[in-house]
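The values are calculated or read from the model by the stated rules, or taken from the named source; none is laboratory data. Keep in mind that this is a model prediction, so the values were computed, not measured. All Cβ positions, glycine included, derive from the backbone under ideal geometry; neighbour counts span all protein chains shown. The area values use the complete protein model at the heavy-atom level, side chains included, leaving out ligands, DNA and RNA. Shrake-Rupley method; radii C 1.70, N 1.55, O 1.52, S 1.80 Å.
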Amino acid sequence: MNSFGRIFRVQIFGESHGPCVGVTIDGVPPGLPIADADFTADMERRKSGAKGTTPRKEDDIPLVKSGIFNGHATGAPITLLFDNNNTRSGDYEKQRATPRPGHADFVAHEKYRGFEDYRGGGHFSARLTTGIVAAGVIAKKILAGAAAGVTIAAQITEVAGEPDPEAGLQKAIDAKDSVGGIIECRATGLPIGLGEPFWDSAESLLAHAMFAIPAVRGVEFGTGFPAARMFGSQHNDPIIDAEGHTRTNHAGGIVGGITNGNELVFRIAIKPTSSTPKEQQTFNWETQEVEAFSVKGRHDLCVALRAPVIVEAMTAIVLADLLLLDRAAR
């Protein structure tokens, strides 16, 4: 439910307005060097503060509770906590009776019979991606130690249909609404052979992880959906050497569910933020009527703006697990 991975296993916990959010990471090889400073760059990338992001700011300094001693992983599970200090729960008390359209409010209320922590989206909040990014930092360190030195980089390619994120964000500001975006992720240095046919194919596991990121609505690898309009002779990637390098990369670096040594390339689509200031209609639990409704509080106009580092982290988590599985099988 809240865990992912087989050897490199990640479990997230906490709620948006609870005392803290955090992550426990099992399967980290003992001796892996891990310093507080290792987390700074990616945690800063995830933070709010830029134009179009929520005014809520947290320090997001990891508090190490277990698994790291004298600057190295001990081999025991690593637990990291991140305090929630800048919360305004009153914003959610006022809208308790009106579940936000497009958000998890209604389904969470039904699934957990009204016992859910609804403040800030509770356990459904993107606040929990703090722990995912932290786990990604450690996963990246494992991958960097692989033979070829795996590197992962994600970037925004569209906001509101605009290649220029600023122009797309301005659409949201002008409309007093929220917008979505597209993020492309690339990984280089991957060895041949990661992944299994069918259930544990590299694409299956990556897609599983990507859809766990709040607001993701689509994933495509390589050429993606346009492949359906191509001939086989156009889409096939000619192999040009004994290392499996190909002249083109329509497959996106994965064939038969297994990495082929070429660059991993995929894109994700992120929907507009459901918490939009624009007036909408929703059901009121108290009055039993559909009525006008507008979200109050602090929210991102475009959640895609802070998502690239989360996509990188999820990618690293999947690839680190596959790498460790591959090593264990040899």
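What to note about this one:
- Strands (runs of 3 or more DSSP E) completely within segment 247-300 that count 2 or more residues being touching a helix residue (DSSP H, G or I) at 6+ places or on another chain (Cβ under 7 Å) and of a type in the set (A, V, I, L, M, F, W, C): 264-270
- Residue within segment 174-188 that is open to solvent by 60 Å² or more (accessible area, probe 1.4 Å) and modelled with pLDDT under 95 present: yes
- Residues that are out of contact with any strand residue (DSSP E or B) (no Cβ under 9 Å at 6 or more places or on another chain) and assigned to a loop (DSSP other than H, G, I, E, B), drawn from segment 301-330: Leu301, Arg330
- Considering only residues in segment 19-38 that are surrounded by fewer than 20 Cβ atoms within 10 Å (Cβ to Cβ) and under 29 Å from Cys302 (Cα atoms), the one that is modelled with the lowest pLDDT turns out to be Pro19.
- Boolean, Thr223 is among the β-branched types (Val, Ile, Thr) and surrounded by fewer than 18 Cβ atoms within 10 Å (Cβ to Cβ): no
- Of all the criteria given as (1) surrounded by 18 or more Cβ atoms within 10 Å (Cβ to Cβ); (2) more than 24 Å from the chain's Cα centre (by Cα); (3) under 22 Å from Lys47 (Cα atoms), the one not satisfied by Lys296 is (1).
- Among the candidates Gly261, Gly252, Gly257, the residue that is within 18 Å of Phe211 (Cβ to Cβ), in contact with a Leu (Cβ under 8 Å, 6 or more places away or on another chain) and small (Gly, Ala, Ser) is uniquely Gly252.
- Check on Gly218, of a type outside the set (Ser, Thr, Tyr), closer than 30 Å to Glu166 by Cβ, open to solvent by less than 30 Å² (accessible area, probe 1.4 Å) and not in a helix (DSSP H, G or I): yes
- Which listed residue, of Ser16, Ser48, Ser89, is modelled with pLDDT of 85 or more and either polar (S, T, N, Q) or touching a His at 6+ places or on another chain (Cβ under 6 Å) (or both): Ser16
- Selection within segment 124-164 - out of contact with any helix residue (DSSP H, G or I) (no Cβ under 8 Å at 6 or more places or on another chain) and farther than 20 Å from Phe39 by Cα: Ser125, Ala147, Ala148, Thr157, Pro163, Asp164
- Being touching a helix residue (DSSP H, G or I) at 6+ places or on another chain (Cβ under 7 Å), buried (at least 24 other Cβ atoms within 10 Å of the Cβ) and in contact (Cβ under 8 Å) with a residue 40 or more places away in the chain is not true of Val309.
- Residue identified as surrounded by fewer than 15 Cβ atoms within 10 Å (Cβ to Cβ) and either at pLDDT below 90 or under 14 Å from the mean Cα position of the chain (by Cα) (or both) among Ala153, Ala167, Ala146, Ala135: Ala153
- Looking across segment 247-268, the residues that are open to solvent by less than 40 Å² (accessible area, probe 1.4 Å) and either at pLDDT below 95 or farther than 14 Å from Ser201 by Cα (or both) come down to Gly261, Asn262, Val265, Phe266, Ile268.
- Ala212 satisfies every condition listed in (1) under 26 Å from Leu128 (Cα atoms); (2) of a type in the set (A, V, I, L, M); (3) open to solvent by 40 Å² or more (accessible area, probe 1.4 Å); (4) free of Cβ contacts under 8 Å to residues at least 40 places away in the same chain except (4).
- Scanning segment 183-212 for residues that are acidic (Asp, Glu) and over 16 Å from the mean Cα position of the chain (by Cα), we see that the one that is nearest to Val255 (Cα to Cα) is Glu196.
- Filtering segment 253-278 to residues that are among the aliphatic types (A, V, I, L, M) and under 21 Å from the mean Cα position of the chain (by Cα) leaves Ile254, Leu264, Val265, Ile268, Ala269, Ile270.
- Counting only residues that are closer than 24 Å to Ala144 by Cβ and not in a loop (DSSP other than H, G, I, E, B), segment 180-206 holds 11 of them.
- Taking every residue in segment 237-253 that is under 23 Å from Glu184 (Cβ atoms) and of a type in the set (Ser, Thr, Tyr) and pairing it with any residue that is part of a loop (DSSP other than H, G, I, E, B) and modelled with pLDDT of 95 or more, at least 6 positions away or on another chain, the pairs with Cβ-Cβ distances below 8 Å are Thr246/Asp237; Thr246/Pro238; Thr246/Ile240; Thr246/Asn260; Thr246/Asn262; Thr248/Asp237; Thr248/Pro238.
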